[in-house]
Structures are given as C-alpha cells and as structure tokens.
Amino acid sequence: MQKAGLLLSVCARAWRSVRKASSGMARQHPLANKVALVTASTDGIGFAIARRLAQDGAHVIVSSRKQQNVDRAVATLQGEGLSVTGTVCHVGKAEDRERLVATVSSIHSGLSSLFSSLSLSFLFSPIKRFPLASSFFLQMWMDKEREESIKEMLRIRRIGEPEECAGIVSFLCSEDASYISGETVVVAGGAPSRL
C-alpha cells in the first residue's frame with residue numbers, strides 16, 4: 001500500500017509539472033538570451049515565426065529582399081515591445097549572406113568566437129530554392145471558391161493561419177526540445193502531406 005501511495009505522489013507531481021509547462025506557467029520567456037535569425041520574415045509564416053520567437057524572449061533578426069519590407073516588419077514588432085532588428089538579405093546572394101552574418105555577429109558577440117563569418121557563409125552557400133506549398137496555397141486562398149475547393153479536396157474545415165506554424169518553431173528552438181532530433185513535424189491540420 002505504501003508503494004502505491006508513493007507512486008501516486010510521484011505521478012501527481014509529474015502531472016502538475018506537465019500541466020504547468022503546457023500552460024506556459026513554467027517559463028514566460030523560454031528563448032531568453034537567444035538570438036534568432038529568421039529569413040523571409042516580413043510577411044506570412046516567416047513574420048508570424050519572428051513575432052512568436054520574439055514574444056518568447058529571443059532577440060530576432062528579420063530579413064527580406066526589400067528594405068521597405070524590413071523597415072515595416074521591424075517597426076511593427078518593435079511597436080509591440082519586442083526585441084527585433086532587421087537587415088536586407090537575398091539569401092541567394094553571397095554579399096547579402098555575409099552582411100546577414102555580420103549583423104548576427106554584431107548582436108551576439110559570442111557567435112563570432114564560435115563561428116567565423118567564413119564558416120557561417122559557407123553554411124548558407126549551398127542554399128537551393130524549393131517552391132513552398134504555403135505560398136502556392138496563399139495565392140489560391142485569395143479566391144473564396146478555390147479555398148472551398150481546397151478544403152473539400154483536403155477534407156479540412158479551415159485553412160491554417162501563419163501563427164499556427166510559429167508555435168512549433170518556437171518549441172523546437174527552446175530547451176524543451178533539447179532531446180528531439182531527426183524528426184519531421186507536419187503542421188497541416190490533418191491534411192495528408194508527404195515530404
């Protein structure tokens with residue numbers, strides 16, 4: 001009987017811990033003291049991810065191909081009291097990637113001692129372009145008839161919002177995901193998807 005009581009006590013504490021963590025009560029800023037670089041982050045899913053990472057305590061560097069988009073995104077997020085800076089970057093251009101690396105290094109001084117600009121640029125260099133399903137669907141969603149057709153075809157009740165992708169990104173950037181490796185997480189609302 002004593003063992004059963006001990007087991008129940010341990011289970012109750014574990015359950016309280018899980019409830020506290022999942023409700024956000026455990027830590028208000030799980031990404032505090034981290035720097036997050038989010039490319040293509042001035043609109044849509046990228047912007048939602050940048051906002052969420054900043055809300056969770058990271059200093060976020062937003063980037064886009066056009067200065068006006070960067071300025072607009074930075075102003076919006078800073079207006080919400082979030083720690084954000086931005087820079088123009090076309091990830092297909094080496095000089096833009098180098099400027100992006102310099103921006104990151106200037107914000108996070110420890111980064112420059114860990115990686116040289118050369119090595120970070122090398123990491124960015126093999127970038128290949130893949131058509132994003134989300135941008136394809138976003139264009140189609142502008143038309144209500146097409147949206148309804150897509151929902152029927154995918155057997156879903158609604159189209160997802162950019163903010164619904166941001167939470168999983170924040171989680172994967174946090175210490176809560178420190179033991180996760182090599183997983184594919186699909187944020188598709190139950191729609192069939194294949195990688």
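There is no residue in region 161-172 that is surrounded by 14 or more Cβ atoms within 10 Å (Cβ to Cβ) and over 30 Å from residue 36 (Cβ atoms).
Summed over region 148-160, residues that are surrounded by 15 or more Cβ atoms within 10 Å (Cβ to Cβ), part of a helix (DSSP H, G or I) and touching a helix residue (DSSP H, G or I) at 6+ places or on another chain (Cβ under 9 Å) total 1. Of the residues making up region 163-171, one or more are of a type in the set (Ser, Thr, Tyr), touching a helix residue (DSSP H, G or I) at 6+ places or on another chain (Cβ under 9 Å) and modelled with pLDDT of 85 or more. Selection of first residues in region 175-190 that are among the β-branched types (Val, Ile, Thr) and of second residues that are loosely packed, with under 10 Cβ neighbours inside 10 Å, restricted to Cβ pairs under 7 Å at least 6 apart or on distinct chains, gives the following pairs, ordered by first then second residue: 184/195. Every condition in (1) closer than 26 Å to residue 178 by Cα; (2) in a loop (DSSP other than H, G, I, E, B); (3) modelled with pLDDT of 95 or more is met by residue 81 except one, and the failing one is (1).
Does residue 91 fit the bill of being in contact (Cβ under 8 Å) with a residue 12 or more places away in the chain, surrounded by fewer than 19 Cβ atoms within 10 Å (Cβ to Cβ) and either of a type in the set (Val, Ile, Thr) or assigned to a helix (DSSP H, G or I) (or both)? Steps first, please.
Values: in contact (Cβ under 8 Å) with a residue 12 or more places away in the chain: yes; surrounded by fewer than 19 Cβ atoms within 10 Å (Cβ to Cβ): yes; either of a type in the set (Val, Ile, Thr) or assigned to a helix (DSSP H, G or I) (or both): yes.
Answer is yes for this residue.
Considering the conditions (1) modelled with pLDDT under 95; (2) surrounded by 14 or more Cβ atoms within 10 Å (Cβ to Cβ); (3) within 15 Å of residue 171 (Cα to Cα); (4) out of contact with any Cys (no Cβ under 9 Å at 6 or more places or on another chain), residue 36 is excluded by exactly one of them, (4).
Among the residues of region 42-67, which ones are within 16 Å of residue 167 (Cβ to Cβ) and surrounded by 21 or more Cβ atoms within 10 Å (Cβ to Cβ)?
Keep residues of region 42-67 that are within 16 Å of residue 167 (Cβ to Cβ), which gives 44-58, 60.
Across region 42-67, the qualifying residues are 45, 46, 47, 49, 50, 51, 52, 53, 54, 56, 58, 60.
Checked against the criterion of being surrounded by 11 or more Cβ atoms within 10 Å (Cβ to Cβ), part of a loop (DSSP other than H, G, I, E, B) and modelled with pLDDT under 90, region 13-28 has at least one qualifying residue. For region 27-63, the tally of residues that are out of contact with any strand residue (DSSP E or B) (no Cβ under 7 Å at 6 or more places or on another chain) and small (Gly, Ala, Ser) stands at 4.
Residue under question is residue 135, and the condition is that it be touching a Lys or Arg at 6+ places or on another chain (Cβ under 7 Å), surrounded by 11 or more Cβ atoms within 10 Å (Cβ to Cβ), of a type outside the set (A, V, I, L, M, F, W, C) and modelled with pLDDT under 85; does it hold? The answer is no for residue 135.
The values are calculated or read from the model by the stated rules, or taken from the named source; none is laboratory data. Note that the coordinates shown come from a computational prediction; the quantities given were computed from them, not determined experimentally. Backbone-built Cβ (ideal geometry, glycine too); neighbour counts: all protein chains shown.
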